[in-house]
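Below: the structure, in structure tokens.
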Ligand code: PHE
Ligand code: NA
């Protein structure tokens, strides 16, 4: 078997992890949910969730990955806890599951790049979305998106994922920045800012029981936790850089891109008098697309917008395919390209129902959000903090130059508050799943 690959540079790892984190979650979910759940007051809850729960959880995944330099299943065995491989397996399955429908949405984005160029969706955005989001068209573009993902992953860690994300992540930030500046010039933009950023504490207190689990779930999804992605990416680290520092950087950049996306999307909608109170698929593909139909230069702006969404979706999708590819090449004597093609094909097939009917897509997504993700994150946290325990602190603090107090704080935060928060999220999710 050939030697295991590594990232060429520390920045390469950070950018790849940010590429995984920044995705459709930031661009379509985050701005709308923030606006809906009370604007700036939700932002505060989200930032607390991201720093207080998301950050400790991402650090737990980094520790498991770097310590073992193995994929998300074998890592648990190498640490001496063979039975805990089941947690890794749940994560791997979750990633597999999510990628199947994420790729369908990636296909829609491809379609909207073309639709912006030709102005196809301008006349009737809702009808257009209805036509292209399900059926043979959607299936074909799902295949194209998956092929792009396979192509990058097949090229390997350094030559594929690292090179691609080094280009992609800065592009996302720069292009969103330019779009935000453009949105700023639109008449009516200030109403969008007000809606996005003015705190509404009533909305917050009234919906507290919905908002908190959502904020936690969003932090997990957005940071790509519970899908094996961060364990896998950290397993390619070669060196003693501060995982703590990397984690903070990644959480910060991920939140920053979400806010930036809000500064693009909401002024656009308000400038056109479009109700932002739709969320999910319709929000980006109908409301935002509808706004492009009416602004000057909408064809170009629409094109640029959907290109940036595509880049964000691709740089996330490759991290999920890498989870399964990594596992298979660590265990079997097959080449990376062969595995990428084969597994990409299986994921494509799993996504067929979602491509044929958006009701399936919704069901896949609901199951992932409410059951698979919190369950998987919970398993990882219990393992890292209670089972593996103290040795995790050494791995976490290596190269950080910080005292053991920080590591101990992490350990006890995970052992108590973070685990309780995840259990609560899981319980609330299950309740709404089955009742
Ligand atoms: N963090 C991603 C997002 O916000 C979630 C994700 C990661 C989805 C990897 C798919 C693959 O979109
Ligand atoms: Na994200």
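The values are calculated or read from the model by the stated rules, or taken from the named source; none is laboratory data. Predicted model, so just to flag it, every value in this text is computed and none were measured. Methodologically, a virtual Cβ is constructed for each residue, glycine included, from the backbone with ideal geometry; neighbour enumeration extends over all protein chains shown.
Pairs linking a residue in the stretch 1-23 that is over 14 Å from residue 164 (Cα atoms) to a residue that is away from ligand 2 (no atom under 11 Å from the Cβ) and modelled with pLDDT under 95, with Cβ atoms under 6 Å and 6 or more positions apart or on different chains, are 6/238; 10/241. From the list 252, 220, 208, the one residue that fits, being free of Cβ contacts under 8 Å to residues at least 60 places away in the same chain and within 16 Å of ligand 2 (Cβ to nearest atom), is 252. Which ones in the stretch 3-24 are surrounded by fewer than 24 Cβ atoms within 10 Å (Cβ to Cβ) and touching a helix residue (DSSP H, G or I) at 6+ places or on another chain (Cβ under 9 Å)? Passing the criteria: 4, 5, 6, 7, 8, 9, 10, 11, 12, 14, 24. Would you confirm, using the coordinates I've provided, whether residue 310 is in a helix (DSSP H, G or I) and within 16 Å of ligand 2 (Cβ to nearest atom)? Yes: the conditions hold for residue 310. Only one entry of 361, 375 meets the criterion of being away from ligand 1 (no atom under 16 Å from the Cβ), touching a residue at least 24 places away in the same chain (Cβ under 8 Å), touching a helix residue (DSSP H, G or I) at 6+ places or on another chain (Cβ under 7 Å) and in a helix (DSSP H, G or I), and that entry is 375. Quick check: anything in the stretch 317-325 outside any helix (DSSP H, G or I) and in contact (Cβ under 8 Å) with a residue 60 or more places away in the chain? No; the residues of the stretch 317-325 include none that is outside any helix (DSSP H, G or I) and in contact (Cβ under 8 Å) with a residue 60 or more places away in the chain. When 392, 421 are screened for being within 19 Å of residue 25 (Cβ to Cβ) and surrounded by 19 or more Cβ atoms within 10 Å (Cβ to Cβ), only 421 passes.
Take residue 173 and decide whether it is farther than 21 Å from residue 21 by Cα and either surrounded by fewer than 19 Cβ atoms within 10 Å (Cβ to Cβ) or touching a strand residue (DSSP E or B) at 6+ places or on another chain (Cβ under 7 Å) (or both). Break it down into steps so the answer makes sense when it comes.
On the way: farther than 21 Å from residue 21 by Cα: no; either surrounded by fewer than 19 Cβ atoms within 10 Å (Cβ to Cβ) or touching a strand residue (DSSP E or B) at 6+ places or on another chain (Cβ under 7 Å) (or both): yes.
Taking the combined requirement at face value, the residue does not satisfy it.
For the stretch 36-58, taking the residues that are farther than 18 Å from residue 221 by Cβ and either within 16 Å of ligand 1 (Cβ to nearest atom) or touching a helix residue (DSSP H, G or I) at 6+ places or on another chain (Cβ under 6 Å) (or both), the one that is modelled with the lowest pLDDT is identified as 38.
Would you confirm whether any residue within the stretch 122-145 is within 17 Å of the chain's Cα centre (by Cα) and crowded, with 24+ Cβ neighbours inside 10 Å? The answer is yes, given that some residue of the stretch 122-145 is within 17 Å of the chain's Cα centre (by Cα) and crowded, with 24+ Cβ neighbours inside 10 Å.
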